[in-house]
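Structure, as structure tokens:
Read-outs: derived from the displayed coordinates by stated rules, not from any lab. Everything quoted here is computed from the prediction, not taken from an experiment. Neighbour counts are summed over all protein chains in view; Cβ atoms, including those assigned to glycine, are modelled from backbone coordinates with ideal geometry.
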Amino acid sequence: MTNDEAVQALRELREARPALDPEEVVRRATMILDRSTLCPLDLTTYLAVDRGLEGVALARTVGRFATRVAELYESKHGARPLKRYEFVPGVGMRPVSAYVEDDRPLFDRAWREITGDWDALGTKIDALCVNEETMLRAVS
């Protein structure tokens, strides 16, 4: 399954969510992602590998980070992220939000927001993107 086919299947699944049992949605999303070439992006892996968190620092950050990423995802896409089953150490199999590599900018933004790690350019871009009018004025 190509990326485009997987994205289309996930969009169709998102539209069908109200008519399906939540467990069925999770099962189907997991199946689509597992059969696709979409590269999954995991919250804990992002925090550990990209941001260097481990142990207690990772455990303290992951909940707040996951919540912020989900909020940013919902504001961008108009729906909560789909869920997929994943093994969570100490818990077992459970549904977790499913993100792909295309969602990395949301992860980066969530990280900057929860840590206050804003560079000058990032701050300026976010200020310009508050609404279209502000952005258009800045360009002209």
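Quick one: Kirkwood hydrodynamic radius for the stretch 40-93, alpha-carbon pairs, angstrom, one decimal? By the Kirkwood definition, the hydrodynamic radius is 12.3 Å.
Taking other C-beta atoms within 10 angstrom as a stand-in for reagent exposure, 34, 103 fall in the order 34, 103, fewest first.
Panel order for 87, 65, by other beta carbons found within 10 Å of each beta carbon, from fewest to most: 87, 65.
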